[in-house]
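Quick notes on the structure that follows.
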Amino acid sequence: MFITKNNLKKDLRTLKISNIIIKDVYFSIDEILNKIDQVIKSQSKIQIVTLNTEMVIDSLNNNEFLDILNRSEIILESNGVCFYVNKKYNLNIEPINGIDLAENIISKGYRTFILGTKQEIIENAVINLIKKYPNSNIVGYHNGYFKEDQKIIDLINLKEVEVLLVGLGSPKQEFWINNNINKIKSNIFMGIGGSIDVWGNYYKRAPFIIKKLKLEWLYRTIQDPKRIKRNIKLLKFLIYFFFNKI
């Protein structure tokens, strides 16, 4: 029998994927939204990482990246990491998609700043998000092409944000957040990968049937063939799993 949220043992609230420690297991977007609301109300800070198989592989040979992951609030995003948890812990859990989580956060009306991608794309993304979510409160944005962190930090701090969404690609965005989290006046720091490109209509999200078949990775690769190199890490993850290397 699968372990579910309702019969989850207390000692299983902490899981490990390879050397990555997941301090709390989130079964739904609502659970993490409640956590975000608590953090903002208490004026504390968290870094949110939407974990996928690529990050797991990257962490194997990068202790600094592993340390960042282990200090973060981790959301299980990909089918691969959920498959791992299902098999290792007999835990029935579905992926929480990072772009869906980000859109839910934006829809709540928190003071949000978005950082990443090209100028034209992020401008279109912000316009589209405001149209889609009338209650959104996007107080600022900047493209991902900058040389001096301090100028970006100063701009964000002027906006008095509650949520900072960073789309610089992994692991660059996780490192950037980690290096600057104590310099920025914000509560929620979340890496969002290529979400801005989707919001800006540069890439399309996979249709429902593709997501249902768990082939979203293939759909994204067809749109962006450069992702083939990244998919090698998915294959490596599966090989390591089946040979008990992780």
Go through segment 156-174 and report how many residues are assigned to a loop (DSSP other than H, G, I, E, B) and either surrounded by 20 or more Cβ atoms within 10 Å (Cβ to Cβ) or in contact with a Gly (Cβ under 8 Å, 6 or more places away or on another chain) (or both). 7
Assess whether Ile57 counts as being crowded, with 16+ Cβ neighbours inside 10 Å, farther than 14 Å from Ala102 by Cα and aliphatic (A, V, I, L, M). yes
Residue satisfying all of: in segment 86-136; modelled with pLDDT under 95 and assigned to a helix (DSSP H, G or I); surrounded by the most Cβ atoms within 10 Å (Cβ to Cβ) among these: Tyr89
Identify the single condition in (1) at pLDDT 95 or above; (2) surrounded by fewer than 17 Cβ atoms within 10 Å (Cβ to Cβ); (3) in a loop (DSSP other than H, G, I, E, B) that Asn179 does not satisfy, given that it satisfies every other one. (3)
First in segment 34-61 and over 22 Å from Asn180 (Cα atoms), second anywhere and of a type in the set (D, E, K, R) and not in a helix (DSSP H, G or I), Cβ under 7 Å, 6 or more apart: Asn52/Glu77
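Let's see how each residue does on (1) over 25 Å from Leu115 (Cα atoms); (2) aromatic (Phe, Trp, Tyr); (3) out of contact with any Pro (no Cβ under 6 Å at 6 or more places or on another chain):
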{"site": "Ile192", "(1), (2), (3)": "no, no, yes"}
{"site": "Asn201", "(1), (2), (3)": "no, no, yes"}
{"site": "Lys204", "(1), (2), (3)": "no, no, yes"}
{"site": "Lys212", "(1), (2), (3)": "yes, no, yes"}
{"site": "Trp217", "(1), (2), (3)": "no, yes, yes"}
{"site": "Ile222", "(1), (2), (3)": "yes, no, yes"}
{"site": "Arg227", "(1), (2), (3)": "no, no, yes"}
{"site": "Phe237", "(1), (2), (3)": "yes, yes, yes"}
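Let me confirm something: among Ile184, Ile246, which residue is touching a residue at least 60 places away in the same chain (Cβ under 8 Å) and in contact with a Leu (Cβ under 9 Å, 6 or more places away or on another chain)?
Details: Ile184 fails: touching a residue at least 60 places away in the same chain (Cβ under 8 Å).
Only one candidate qualifies: Ile246.
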Return the pair list, or none, for Cβ contacts closer than 8 Å from residues in segment 142-155 that are loosely packed, with under 14 Cβ neighbours inside 10 Å and aromatic (Phe, Trp, Tyr) to residues that are outside any loop (DSSP other than H, G, I, E, B) and modelled with pLDDT of 95 or more, at least 6 apart or on different chains. Tyr145/Gln119; Phe146/Ile152
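The values are calculated or read from the model by the stated rules, or taken from the named source; none is laboratory data. Quantities reported herein were computed from a predicted structural model and do not represent experimental measurements. Glycine gets a Cβ as well: all are built from the backbone with ideal geometry, and neighbour counts include every protein chain shown.
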